[in-house]
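The values are calculated or read from the model by the stated rules, or taken from the named source; none is laboratory data. A quick note: this is a predicted structure, and the numbers were derived from the prediction, not measured. Ideal geometry is used to build each Cβ from the backbone, glycine not excepted, and the neighbour counts take in all protein chains shown. Protein only, heavy atoms only, side chains kept; ligands, DNA and RNA dropped before computing areas. Shrake-Rupley method; radii C 1.70, N 1.55, O 1.52, S 1.80 Å.
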Amino acid sequence: MTTSYPPSGSAPEQEPKQEPHGWQREWQAFWLAVGFLSRVPMLAQIQYSQALMNQSSVYFPLVGLLLGALYAGLYTVLGLALNPPVALLLVMSFHLWITGAFHEDGLADSVDALGGGYTLESRLRIMKDSRIGTYGTVALVMALGLKFAVLLDLERIWLGLLFAPCASRLTPLVLMNALRYVTDPEQSKSKPVAQGFSGMRLMAAAGFVLLASLILSPWASGLVLMSLVSVVLIAVVWGRYLRKVIGGYTGDTLGASVVFSELLLLVGLTL
């Protein structure tokens, strides 16, 4: 059965939904970010639009901090009865469930595509393939193993669990602001996560990460510097590589950037 627009005059015209404004729009943008990045139920009715999706990107680090609070709280509770390695593995498993392994999937798809493709078309085709290959499997296992080992080596595991998800979600915003979205128009109808969000919103997101790092710095003296390094270094290195091999970013490569930034930040906190 095909659906078509009714002929003129066959049905009464519906008044277009009024776009939310001000704080109402920000509230919807926040919950859209929550629903996009996690399985947490959205507690607001969303009038979705690409413009609202663009606006929601400013809240990615805040959503990361909220997820981090769940991880740190869960680890603290589990630590009352379990040894640190077991408690940490359970928290990491919870992370993969609550986020739907969203960024880890992006990492696996990106490494499969960039490792196994030799042309732009083949890389984009592999990236969209739901199957995981050898490159992606190895990258995923190594990333999760490194994350577990580094977190376990931290003096304050709760701090890494709390803050790393916040700072790392700033990196894709930098990439989206600096690169163009890449897709094969003949094979994909997907749209970018966000496009055209203002530099002011990027600055607001960066300011939130900076504020969070300053508040938590008494428990880790190098937190401000490491958060800056982890975001900027991955954005520059990964961004330049993506510009060279595919000419911009895709949703999967943004997910990979979150994993890379998180790992770099956690490694830095062990030094």
Exercise. For labels at GLN45 and LEU271 in the simple 7 Å Cα→Cβ model, what's the distance in nm?
Worked result: 5.1
For this session: Kindly report, to the nearest 10 Å², the accessible surface of SER198 as traced by a 1.4 Å probe over protein heavy atoms only.
Result: 50
Exercise. Taking N as the number of residues in region 113-271, what is its Cα Rg relative to 2.2 N^0.38 Å?
Worked result: 1.10
Exercise. Separation between the LEU154 and VAL77 pseudo-spin-labels, each 7 Å from Cα along Cα→Cβ, expressed in nm?
Worked result: 1.9
For this session: With mean projected area of the Cα convex hull in nm² in mind, check [x] 13.4; [y] 14.3; [z] 17.6 and report the label derived from this structure.
Result: [z]
Exercise. Within the chain, which is the longest segment containing none of the trypsin sites (Lys or Arg not before Pro) that sit in a DSSP loop and have at most 15 other Cβ atoms within 10 Å?
Worked result: 40-130
Exercise. Given a cut-off of under 8 Å on Cα pairs at least six residues apart, what relative contact order in percent is computed for the chain?
Worked result: 25
Problem set entry | Separation of alpha-carbon centers, region 199-271 and region 85-161, rounded to whole Å | 16
Exercise. For the charge dipole of the chain, defined by +1 on Lys and Arg C-beta atoms and -1 on Asp and Glu C-beta atoms about the Cα centroid, which residue among LEU146, VAL34, PRO172 has the Cα displaced farthest towards the positive pole?
Worked result: PRO172
Exercise. For region 194-271, what class follows from the C-alpha gyration tensor (a ≥ b ≥ c being the square roots of its eigenvalues): rounded when a/c is under 1.5, otherwise prolate if a/b is larger than b/c, else oblate?
Worked result: oblate
Exercise. Counting only protein heavy atoms, what percent of the accessible surface of region 210-256 is carbon or sulfur at a 1.4 Å probe?
Worked result: 73
Problem set entry | Residues of the chain: accessible area per residue with a 1.4 Å probe, Å² | 54
Seminar exercise, completed: Looks like region 64-134, by Cα gyration tensor root eigenvalues a ≥ b ≥ c and the a/c under 1.5 rounded cutoff (else prolate when a/b is bigger than b/c, oblate otherwise), is prolate
Seminar exercise, completed: Of the accessible area of region 51-168, computed with a 1.4 Å probe and all protein chains kept, carbon and sulfur make up a percent value of 70
Seminar exercise, completed: Applying the span-like rule to the chain (DSSP H, Cα extent along axis at least 18 Å, Kyte-Doolittle mean at least 0.0) gives 22-37, 60-78, 84-98, 134-153, 199-216, 223-245, 251-270
Exercise. Between exposed GluC sites (Glu not before Pro) in the chain, where DSSP calls loop and at most 15 other Cβ atoms lie within 10 Å, what's the longest gap?
Worked result: 14-154
Exercise. Classify region 39-162: rounded, prolate or oblate, from the alpha-carbon gyration tensor (a ≥ b ≥ c, eigenvalue square roots; a/c under 1.5 rounded; otherwise prolate if a/b is larger than b/c)?
Worked result: oblate
